[in-house]
Amino acid sequence: MIFKNLFGYEAKRKRLLKQAHAGALRDFLSVPFPDEKQFFIDTPILSVDFETTGLNAKTDKLLSIGFVDLLANKIPLKTSYHQIVHSKGLLKSDNVTIHQITDSEKDQGEPLRVVVETLLKALTGKVMLVHFARIEREFLQQACIKLYGIAPVFPMIDTLMVAKRRLDARDVSYDPSSLRLSALRTQYQLPEHHAHNALNDAIATAELLMAQVNARQEPNKTNLADLLL
């Protein structure tokens, strides 16, 4: 209990709040995170996906951000958001092939500050949902360092880790490729989706989490703490 009080999400939020200057990040940190003891079905969640030029948050760039709300086993599509991020330099041909974002579209994108502020506002008081948390966590923290000088903490659910914990508990070998978003969706008999679009992937991740939780013995009694990283 002492360890959790010192190093839990809420304790970190309160410490960072004292360091944050007035603005979007301080507004985000001013609102308590959802209680880890509450049920998943009662927890406000924001499913988020980033498309990037690579995997290194310090040297690569954000190309686009997509997000949508998830609450009470529902995905209200009116809350969806997708935005290409403006950045300098030319994209490599393999980036364009994968993400279908051209240099012309990137050049007309919104500034990083505007997109991050929109995301922080939508994320306030919620848990972030992602698939493969390292990308979204590191790129968002790096963006916040650039904009605000602080790397904030975000309570996160990672559908990849939810699946991995289930497989590890069975103590059997498995192919790591089975943890990909598309592979997991197939396992839960979810339809194919158009991947490598930030909003499409955010919606696909929200659908996957709903399927993962609903497959449990008592889905409505699943605690948030059982899902968090």
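Kindly indicate whether Leu179 is more than 20 Å from Ala133 (Cα to Cα), open to solvent by less than 70 Å² (accessible area, probe 1.4 Å), at pLDDT 95 or above and not hydroxyl-bearing (Ser, Thr, Tyr). So Leu179 fails the test.
In the stretch 134-147, the count of residues that are assigned to a loop (DSSP other than H, G, I, E, B) and under 29 Å from Gln38 (Cβ atoms) is zero. Within the stretch 6-29, if we keep just the residues that are open to solvent by 80 Å² or more (accessible area, probe 1.4 Å) and part of a loop (DSSP other than H, G, I, E, B), the residue that is nearest to Lys121 (Cα to Cα) turns out to be Ala22.
Does Gln141 qualify as being more than 16 Å from the chain's Cα centre (by Cα) and not hydrophobic (A, V, I, L, M, F, W, C)? Considered against the rule, which asks whether it is more than 16 Å from the chain's Cα centre (by Cα) and not hydrophobic (A, V, I, L, M, F, W, C), Gln141 comes out as no.
Out of the stretch 182-198, which residues are touching a residue at least 60 places away in the same chain (Cβ under 8 Å), assigned to a loop (DSSP other than H, G, I, E, B) and either under 14 Å from Phe132 (Cα atoms) or open to solvent by 60 Å² or more (accessible area, probe 1.4 Å) (or both)?
At the first step, the residues of the stretch 182-198 found to be touching a residue at least 60 places away in the same chain (Cβ under 8 Å) are 196-198.
Filter again for assigned to a loop (DSSP other than H, G, I, E, B), leaving 196-197.
Listed by number, the list holds a single entry, His196.
Within the stretch 48-71, the set of residues being open to solvent by 50 Å² or more (accessible area, probe 1.4 Å) and out of contact with any Pro (no Cβ under 9 Å at 6 or more places or on another chain) comprises Leu55, Asn56, Lys58, Thr59, Lys61. Please verify whether Gln100 is closer than 21 Å to Ala225 by Cα, of a type outside the set (A, V, I, L, M, F, W, C) and touching a residue at least 40 places away in the same chain (Cβ under 8 Å), treating the condition exactly as stated. In short, no. Mind checking which residues of the stretch 100-131 are modelled with pLDDT under 95 and either surrounded by fewer than 21 Cβ atoms within 10 Å (Cβ to Cβ) or under 21 Å from the mean Cα position of the chain (by Cα) (or both)? Listed by number, the residues that qualify are Gln100, Ile101, Thr102, Asp103, Ser104, Glu105, Asp107, Gln108, Gly109.
Candidates are the residues of the stretch 199-229 that are part of a loop (DSSP other than H, G, I, E, B) and of a type outside the set (A, V, I, L, M); the one that is most open to solvent (accessible area, probe 1.4 Å) is Gln217. A search for C-beta distances below 8 Å between a residue of the stretch 75-88 that is part of a loop (DSSP other than H, G, I, E, B) and any residue that is open to solvent by 40 Å² or more (accessible area, probe 1.4 Å), counting only pairs 6+ apart in sequence or on different chains, returns Ile75/Glu207; His86/Asp107; His86/Gln108; His86/Glu110; His86/Pro111; Ser87/Lys61.
The values are calculated or read from the model by the stated rules, or taken from the named source; none is laboratory data. Quick caveat, the model's predicted, so the values are computed rather than measured. Positions of Cβ are backbone-derived with ideal geometry, glycine not excepted, and every protein chain shown enters the neighbour counts. With ligands, DNA and RNA removed, areas are computed over all heavy atoms of the protein, side chains included. Shrake-Rupley method; radii C 1.70, N 1.55, O 1.52, S 1.80 Å.
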